[in-house]
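These notes are about the structure you will find just below.
The values are calculated or read from the model by the stated rules, or taken from the named source; none is laboratory data. What you see is a predicted model, and the numbers here were worked out from it, not measured in a lab. Because the Cβ atoms are built from the backbone with ideal geometry, glycine has one as well, and the counts that use them run over all protein chains shown.
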């Protein structure tokens, strides 16, 4: 079995991860990703590909019995975008239960209304960025984030990268592959 888009190939002695997500919940999450609201599309455009402070987000992700709009596992941050129905009494109680469940698992929940996202997108993104910066466990050290952004910028622009050697990073001691970029 070869490596695909999902990551490295599984060897005979490794097991696939167990996410404990039911088929029904997985199907529902896929459906929500395919049919996202305008507000979700706007926020996702700013969060995807580590665009906001180098933090990696996933969208419409199952966590326990719930499907959250956006989650950053490195910062233990959940972002929920609420439509008008969430401000009704029954929904507010359910949202409070959901927030308590996520808080018990160590997640911090930020809630924004769709109206806030549509009218003040920059303010919403600044709030999210401030929470990410204040989180004590960043996704990557700053120098590694810059290196990753450079690789992504070069990808797909007619450039080809060739791995030459593995070296260790002086500030954090992590090893990484050094690449030489060869233009086509």
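Using the structure shown, decide if residue 107 is surrounded by 13 or more Cβ atoms within 10 Å (Cβ to Cβ), touching a strand residue (DSSP E or B) at 6+ places or on another chain (Cβ under 6 Å) and either in the same structural domain as residue 68 (by TED's automatic domain parsing) or at pLDDT 55 or above (or both). Let's see the steps before the verdict.
Details: surrounded by 13 or more Cβ atoms within 10 Å (Cβ to Cβ): yes; touching a strand residue (DSSP E or B) at 6+ places or on another chain (Cβ under 6 Å): yes; either in the same structural domain as residue 68 (by TED's automatic domain parsing) or at pLDDT 55 or above (or both): yes.
Judged against the criteria, residue 107 is a match.
Scanning for something modelled with pLDDT under 90 and closer than 23 Å to residue 100 by Cα, does the range 6-19 turn up at least one residue? Spell out the reasoning first.
Filtering the range 6-19 down to residues modelled with pLDDT under 90 leaves 6-19.
Pick out the ones that are also closer than 23 Å to residue 100 by Cα and you get 19.
Taking every residue of the range 6-19 in turn, at least one turns out to be modelled with pLDDT under 90 and closer than 23 Å to residue 100 by Cα.
Of all residues in the range 77-90 being at pLDDT below 90 and in contact with a helix residue (DSSP H, G or I) (Cβ under 9 Å, 6 or more places away or on another chain), which is nearest to residue 124 (Cα to Cα)? I'd like the intermediate steps shown before the answer.
Initially, the range 77-90 is screened for residues at pLDDT below 90, giving 82-90.
Restricting the remaining residues to those that are in contact with a helix residue (DSSP H, G or I) (Cβ under 9 Å, 6 or more places away or on another chain) gives 82-86.
Numbers: 82: 13, 83: 15, 84: 17, 85: 20, 86: 18 Å.
Among those that are at pLDDT below 90 and in contact with a helix residue (DSSP H, G or I) (Cβ under 9 Å, 6 or more places away or on another chain), it is 82.
Only one of (1) at pLDDT 90 or above; (2) surrounded by 12 or more Cβ atoms within 10 Å (Cβ to Cβ) is not met by residue 73, so which one is it?
(1)
Report, by residue number, each residue of the range 66-98 that is without any contact (Cβ under 8 Å) to a residue 24 or more places away in the chain and either within 10 Å of the chain's Cα centre (by Cα) or farther than 24 Å from residue 119 by Cβ (or both).
The answer is 73, 89, 90, 93, 94, 96, 97.
Could you count how many residues in the range 35-76 are on the phi > 0 side of the Ramachandran plot and touching a helix residue (DSSP H, G or I) at 6+ places or on another chain (Cβ under 8 Å)? Steps first, answer last, please.
As a first pass, look at the range 35-76 and keep what is on the phi > 0 side of the Ramachandran plot: 49-50, 53-54, 60, 64, 76.
Those left that are additionally touching a helix residue (DSSP H, G or I) at 6+ places or on another chain (Cβ under 8 Å): 49-50, 53-54, 60, 64.
Qualifying residue count for the region: 6.
Kindly indicate whether residue 122 is surrounded by fewer than 16 Cβ atoms within 10 Å (Cβ to Cβ), under 30 Å from residue 38 (Cβ atoms) and either in the same structural domain as residue 64 (by TED's automatic domain parsing) or modelled with pLDDT of 75 or more (or both). Talk me through it step by step, then tell me what you get.
Values: surrounded by fewer than 16 Cβ atoms within 10 Å (Cβ to Cβ): yes; under 30 Å from residue 38 (Cβ atoms): yes; either in the same structural domain as residue 64 (by TED's automatic domain parsing) or modelled with pLDDT of 75 or more (or both): yes.
Judged against the criteria, residue 122 is a match.
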